[in-house]
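Notes for the one structure printed next.
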Amino acid sequence: MKEKIKKILAIAVNAPSGDNSQPWKFKLLDNGLEVFNQPQADDTQYNFHQRGSLLAHGALLENVCLLAETEGLKPTITLFPNGTNSNLTARVLFEAFQPAKKNWAEIIELRATNRKAYKSQHLAKEFCDQIQSLNQTGKIKVLLNQEPRDIERLAKALSYNEKLILENPFIHREIFKFIRWSKQAMQKTKDGHDIKSLELEPPQEMAFKVFSHWPILKFLNRFHVSKLVTNETEKVYRSSACYGLITAPDLEPITLIQAGRLFEKIWLTATQSGVNLQPTTALLYLNQRVTEQQADKLTPEQINIVKTANKVITEVFRAHEQPLMLFRMGYCQPPTARSLKKPPLYLP
């Protein structure tokens with residue numbers, strides 16, 4: 001069974017995580033595996049209380065379950081068997097079962113973030129209905145919005161995350177450390193973002209390289225460089241056909257993992273249907289810091305930006321519960337590049 005589990009994990013690690021940080025390690029059991037969070041993998045301002053990593057663990061576990069059924073194994077998951085303060089997020093035990101007919105491996109490996117401008121055409125009603133049907137619990141909800149005026153409001157609000165990245169030295173350092181400037185660098189680390197996956201034009205890519213040096217960027221910001229980048233991002237975000245928001249009544253660790261599982265279902269369904277997707281959750285995460293008064297790395301102006309953006313999000317979706325994950329979807333050509341994944345890392 002261990003060989004089957006290794007085969008499952010080799011593909012399951014193709015799960016989304018903040019800045020492709022892949023914050024997990026595994027321990028093999030005779031009839032299962034344990035999944036451990038690695039807090040040091042993603043220590044950015046956005047990953048407040050490791051909530052982004054817990055969502056990523058949910059996506060990973062969804063992959064494990066889908067792949068296990070293909071391999072003829074029935075998974076039983078126990079979340080936080082040692083309590084929610086432990087880095088042991090899940091124990092998965094398997095028993096023999098009739099294999100599922102659907103092979104998810106190809107779809108899981110095909111799933112990727114697409115940061116291109118999308119076509120403005122609406123998503124097919126059948127697809128939207130399918131996304132809504134994935135919500136099997138009343139606790140966690142997915143809301144979709146295709147209204148052009150609302151998309152414009154969201155695009156403007158969400159684009160201000162670029163302003164924060166380019167004007168806040170702490171966030172700037174945290175984000176740029178995940179950029180891989182060449183294929184060789186991407187092959188070496190197999191984490192972070194391939195610069196080509198950011199979908200920049202050649203002059204923009206050259207400028208982005210310059211922006212990685214904080215003293216130079218700080219000087220250029222005197223000439224409103226951050227505003228120019230923010231405006232370009234707004235154009236891309238405005239092209240989206242649809243925005244989606246996952247909400248829940250609380251921020252408990254188990255809820256976050258369940259939300260991550262739902263998000264992966266949505267993304268895999270989109271991939272299978274030829275619909276592209278990009279997470280746009282950064283300002284939601286920062287707002288959690290602001291709400292809990294732990295945003296000491298942000299200036300008063302930046303805190304106001306975060307609050308304003310989150311007000312737009314809740315108004316547009318008429319969300320009455322905690323927003324956990326925000327994403328945009330639409331039709332377009334495949335991404336120029338895909339960030340790589342490390343092979344599973346095992347604990348002794």
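The values are calculated or read from the model by the stated rules, or taken from the named source; none is laboratory data. Everything quoted here is computed from the prediction, not taken from an experiment. Heads up, the Cβs are rebuilt from the backbone with ideal geometry, glycines too, and the neighbour counts pull from every protein chain shown. Heads up: the accessible areas ignore ligands, DNA and RNA and are worked out on the full protein's heavy atoms, side chains in. Shrake-Rupley method; radii C 1.70, N 1.55, O 1.52, S 1.80 Å.
Please report the spacing between the Cα centers of the range 96-170 and the range 207-257 in Å, no decimals.
Each part's Cα centre sits 16 Å from the other's.
Within the chain, what whole-number % of the accessible surface is contributed by carbon and sulfur, with the 1.4 Å probe and all protein chains included in the calculation?
Numbers: 8530 of 16310 Å².
The nonpolar share, carbon plus sulfur, comes to 52 percent.
If you filter the range 173-271 for trypsin sites (Lys or Arg not before Pro), then keep DSSP loop positions with at most 16 other Cβ within 10 Å, what is left? Write out the running numbers ahead of the final one.
On the way: sites: R173, K177, R180, K183, K188, K190, K196, K209, K218, R222, K227, K235, R238, R261, K265; in loops: K177, K190.
Listed in order of number, the matching sites are K177, K190.
How about the range 46-152: which chymotrypsin sites (Phe, Trp or Tyr not before Pro) there are in a DSSP loop, with at most 13 other Cβ atoms within 10 Å of their Cβ?
Values: sites: Y46, F48, F94, F97, W104, Y118, F127; in loops: Y46, F97, W104, Y118.
Passing both the DSSP loop test and the Cβ count: F97.
Based on alpha-carbon atoms only, what is the radius of gyration of the range 45-187 relative to the globular estimate 2.2 N^0.38 Å? Write out the running numbers ahead of the final one.
Details: Rg = 19.6 Å, N = 143, 2.2 N^0.38 = 14.5 Å.
Here the Cα radius of gyration is 1.35 times the empirical estimate.
Taking the Cα centre of each part, how many Å lie between the range 27-59 and the range 280-348?
17 Å
Return one number: the angle in degrees, 0 to 90 and rounded to the nearest 10, between the long axis of the Cα atoms of helix 51-70 and the longest principal axis of the Cα atoms of the chain.
40 degrees
Output the pairs from K125/K341; K188/K209; K6/K141; K27/K101; K6/K183 with a Cα-Cα distance over 30 Å in this structure; if there are none, say none. Could the numbers behind the result be given before it?
Values: K125/K341 33 Å; K188/K209 19 Å; K6/K141 33 Å; K27/K101 28 Å; K6/K183 27 Å.
Too far apart for the 30 Å limit: K125/K341; K6/K141.
Return the Cα extents of the chain along principal axes one, two and three, sorted largest first, each rounded to a whole Å.
63, 44, 40
Hey, what did the chain get for relative contact order, percent, Cα under 8 Å, at least 6 apart?
On the way: 616 pairs, mean separation 95.9, N = 348.
Reported as a whole number, the value is 28 percent.
To make sure I understand the rule: partners must be lysines, Cα under 22 Å from the Cα of K297, and not fewer than 8 residues away in the same chain. Which ones qualify?
Straight-distance partners of K297: K163, K177, K218, K227, K307, K311.
Any idea of the accessible area per residue across the chain, 1.4 Å probe, to the nearest Å²? Don't jump to the answer; show the numbers that get you there.
On the way: 16310 Å² over 348 residues.
Spelled out: the 1.4 Å probe surface of the chain, per residue, equals 47 Å².
Explain nothing, just the number: dipole magnitude of the range 8-113 about its Cα centre with +1 on each Lys and Arg Cβ and -1 on each Asp and Glu Cβ, in debye rounded to the nearest 20. Display every interim value, and only then the final one.
Values: 8 positive and 11 negative charges, 32 e Å.
For the range 8-113, the charge dipole is close to 160 debye.
Quick one: 3J(HN,Hα) in Hz for the range 151-164, Karplus 6.51/-1.76/1.60 with θ = phi - 60°, rounded, Gly and Pro as x.
5, 4, 5, 5, 4, 5, 5, 6, 5, 5, 5, 4, 4, 5
Under the classification rounded if a/c is under 1.5, otherwise prolate if a/b is larger than b/c and oblate if not, where does the range 222-338 fall, given a ≥ b ≥ c as square roots of the Cα gyration tensor eigenvalues? Please list the in-between numbers first.
On the way: a/c = 2.04, a/b = 1.12, b/c = 1.82.
Judged from the Cα gyration tensor, the range 222-338 comes out oblate (a/c at least 1.5, b/c at or above a/b).
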